[in-house]
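Undergrad: Take this structure, written in structure tokens, and hold onto it; I'll ask about it next.
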Amino acid sequence: MFGISSLGWVHTIGSLPAIPLAIYMLARYGRIRARSVPGAIYFISMLVGALTVFLVAKRPESNFIAVLTLVFLLLGFGMSFAASWLGRLARYVETIALSVTVFLLLVPAVSETLRRVPDGHPFVTDLKSPLLLGAQGVLLLALVVGVTAQVIALRRQARPRAGMVS
């Protein structure tokens, strides 16, 4: 079905939980929280997805995206443990890096979905399709707006409230 191999299904099903987990954490906390149960499951799901790309990918840019995903995933989760010596900077790096992992998950997910659905007559047959390029542009815009909003929210949390005594 959809031209996906058995290993491709392992890749797809293994990485799929990351999408609703990201949506949940972004809605609830305004960012991906590495040190939480949903964050740990997100990490495992993203790790499975990124590592299995090397076994199923047919395009060289897929491997590049997988490497980038692993770098940002490890950087983001690593920062959650570096807060004691990096201070607030760690939270900013963690937030931005993990937001980038969501983007790096959604770009190929949207691309592959549009290129495979509906089965036998996909919405997109060309990588330069206006629909595909538009969808990727929307994802990039969401990343820029989302990261900007997250940084503003982190800055507001870091500021001491006026009139409050420490």
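The values are calculated or read from the model by the stated rules, or taken from the named source; none is laboratory data. This is a predicted model, so every value here is computed, not measured. Cβ atoms come from the backbone with ideal geometry, glycine included; neighbour counts cover every protein chain shown. To get the accessible areas, we keep the full protein, side chains included, count just its heavy atoms, and leave off ligands, DNA and RNA. Shrake-Rupley method; radii C 1.70, N 1.55, O 1.52, S 1.80 Å.
Undergrad: From the residues in region 1-25 that are aliphatic (A, V, I, L, M) and more than 15 Å from residue 45 (Cβ to Cβ), which one is farthest from the chain's Cα centre (by Cα)?
TA: My answer is 1.
Undergrad: Residue 8 versus (1) within 17 Å of residue 104 (Cα to Cα); (2) touching a residue at least 40 places away in the same chain (Cβ under 8 Å): which is the lone unmet condition?
TA: Residue 8 satisfies every listed condition except (1).
Undergrad: Show me the helices (runs of 4 or more DSSP H) entirely contained within region 23-126 in which 3 or more residues are more than 23 Å from residue 146 (Cβ to Cβ) and open to solvent by 50 Å² or more (accessible area, probe 1.4 Å).
TA: Passing ranges, in order: 37-56, 60-86.
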